[in-house]
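Peer 1: Next up is a structure, given as structure tokens.
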Number of protein chains: 2
Amino acid sequence: MKFCSTCGSPRIELRVPDGDTHARHVCAECGRVHYVNPKVVVGCLPEWEHRILLCRRAIEPRYGLWTLPAGFLEIGESVVAGAARETLEEANARVEVGELYSLVSLPQIGQVYMMFRARLSGLDFGPGTESLEVRLFEEHEVPWEALAFRTIGRTLRNYFLDRKQGAFPLRVSSLERRPPPALFPPDRG
Amino acid sequence: MKFCSTCGSPRIELRVPDGDTHARHVCAECGRVHYVNPKVVVGCLPEWEHRILLCRRAIEPRYGLWTLPAGFLEIGESVVAGAARETLEEANARVEVGELYSLVSLPQIGQVYMMFRARLSGLDFGPGTESLEVRLFEEHEVPWEALAFRTIGRTLRNYFLDRKQGAFPLRVSSLERRPPPALFPPDRG
């Protein structure tokens, strides 16, 4: 933020407002505090018999890699409606949204993923404008090395483990930033 | 938004960008799209034996009314950490955060509430700067007519019903805007 969106002043300071606990962008001209909060990513894990639906991304980041249909929640919709909308937009797939299954916080990038189990209403799906390809995968076909995001890999690994147990408890977790790569290879002793 | 926070221009238009599905504030000068997305409210339902902890608000909106400790999730924290922080800030109460219990979308005001069951670590709590009073309530003592928000009433009603059943499944719901009051009293026939 370089200019105040309320008054246009360039006098933006990063400081902790009185009575607050976090640093904010504050306009020194008009006093407006500009809050920035995490965003919610909603999506589905669409099931068809023993297979699950994945989309291959036609956009950056992670162009060409595979993901579950998901995207930013919009003002005006519930989390369930948002998950269904993203699945329709990215995979042209209609689903019956089921239970919340995966809730993953990404503190450093200010995102919260909420993935719902969902039942595909039919096989008439196909790539939306943000997907190159959409298809169903058996567990042994999942392209583990070509998944777009760590949240997706975590969600899918839990899902296949839980499916073997026959129960899908809500999985709540947090993904911290990856540790930086070591400057030197680890000592092999 | 009256000025572009990137370039300071007042030429802000509300329109659907190419390839998008929703209207956004777009700067006609530099082209920047300014997204606004829903915010996450995280909080706890702190339990101590058969009682639950509520806070009486010392701030607007709903000054003087009762609520569960909750507030906006911040960048840099997980949803669980945020729920614990808000409970500490508003009630000086330390908790062991348990399972997610209530997930309420408020589409029209762009909020998603995530309330976790939590176990109080002790009775050394008290009002933070945003609370007038903090106390424990038995079910029959809950001030139902003086609760601050509909989400809180819904969460507490479900909680006491579920407690009688001995199970607390995740409650996912959406609260739409209240219907406007009728201009004339309903026809009593």
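The values are calculated or read from the model by the stated rules, or taken from the named source; none is laboratory data. Fair warning: this is a prediction, and the values are worked out from it, not measured in the lab. Virtual Cβ from ideal backbone geometry, glycine too; neighbours counted across all protein chains shown. Just the protein is used for accessible areas: all its heavy atoms, side chains included, with ligands, DNA and RNA removed. Shrake-Rupley method; radii C 1.70, N 1.55, O 1.52, S 1.80 Å.
Peer 1: Could I have the simple spin-label model distance between A:HIS22 and A:ARG62, label points 7 Å from Cα toward Cβ, reported in nm to one decimal?
Peer 2: 2.3 nm
Peer 1: Let me ask something else about it. Label-point separation (nm) for B:HIS50 and A:ALA146, each offset 7 Å from Cα along Cα-to-Cβ?
Peer 2: For B:HIS50 paired with A:ALA146, the spin-label model returns 6.1 nm.
Peer 1: Run through the other copies and list how far each one's label point is from that of B:GLU139, in nm with one decimal, shortest first; the point sits 7 Å from Cα along Cα-Cβ.
Peer 2: 4.1
Peer 1: Still on this structure, I have one more. Using a label position 7 Å from Cα in the Cα→Cβ direction, what is the ascending list of nm distances from B:ARG24 to the same site in the other copies?
Peer 2: Those label-point separations list as 2.4 nm.
Peer 1: Taking the Cβ-Cβ separation of A:GLU96 and B:GLU138 as r and a Förster radius of 30 Å, what is the calculated FRET efficiency to the nearest 0.05?
Peer 2: Numbers: r = 40 Å, r/R0 = 1.33.
Efficiency for this residue pair is about 0.15.
Peer 1: Nearest 10 degrees is fine. How inclined is helix B:150-165 to the longest principal axis of chain B, computing both from alpha carbons?
Peer 2: 40 degrees
Peer 1: Next question, about the same structure. Based on the alpha carbons, how large is the Rg to Rh ratio for the protein assembly as shown when Rh follows Kirkwood?
Peer 2: Across the protein assembly as shown, the Cα-based Rg/Rh ratio is 0.99.
Peer 1: Between A:ARG11 and A:GLN165, what is the label-to-label distance in nm when each label sits 7 Å out along the Cα-to-Cβ direction?
Peer 2: 5.8 nm
Peer 1: Related question: Along Cα→Cβ at 7 Å, what distances in nm separate the A:ASN37 label point from those on the other copies, shortest first?
Peer 2: Label point to label point, same position, other copies: 1.3 nm.
Peer 1: In deg cm²/dmol, rounded to 500, what helix-only [θ] at 222 nm does the protein assembly as shown give when every DSSP H run of at least 4 residues adds -39500 (n - 2.57) and the total is split over its residues? Don't skip to the answer; put the middle values down first.
Peer 2: Numbers: 4 runs with 58 residues, N = 378.
That calculation yields -5000 deg cm²/dmol at 222 nm.
Peer 1: Rank these residues by their accessible area, most exposed first, probe 1.4 Å: A:SER9, A:SER121, B:SER174. Can you show the working numbers first?
Peer 2: Details: A:SER9 10, A:SER121 85, B:SER174 40 Å².
Highest to lowest solvent-accessible surface, that is A:SER121, B:SER174, A:SER9.
Peer 1: Which chain B residue puts its Cβ closest to the axis that rotates B onto A, and at what distance in whole Å?
Peer 2: So the closest residue, with its distance, comes out as B:SER5, 2.
Peer 1: Please give the Cα centre distance for the stretch A:79-128 versus the stretch B:103-141, rounded to the nearest Å.
Peer 2: The two parts, judged by their Cα centres, are 29 Å apart.
Peer 1: Within 10 Å of each candidate Cβ there may be at most 14 other Cβ atoms; applying that plus a DSSP loop requirement, which trypsin sites (Lys or Arg not before Pro) in the stretch A:1-58 survive? The partial results should precede the final answer.
Peer 2: Numbers: sites: A:LYS2, A:ARG11, A:ARG15, A:ARG24, A:ARG32, A:LYS39, A:ARG51, A:ARG56, A:ARG57; in loops: A:LYS2, A:ARG11, A:ARG32.
Those that pass, being in a loop and sparsely packed, are A:LYS2, A:ARG11.
Peer 1: So, one more: Between helix A:79-91 and chain A, what is the angle of the helix's C-alpha long axis to the longest principal axis, kept within 0 to 90° and rounded to the nearest 10?
Peer 2: 60 degrees
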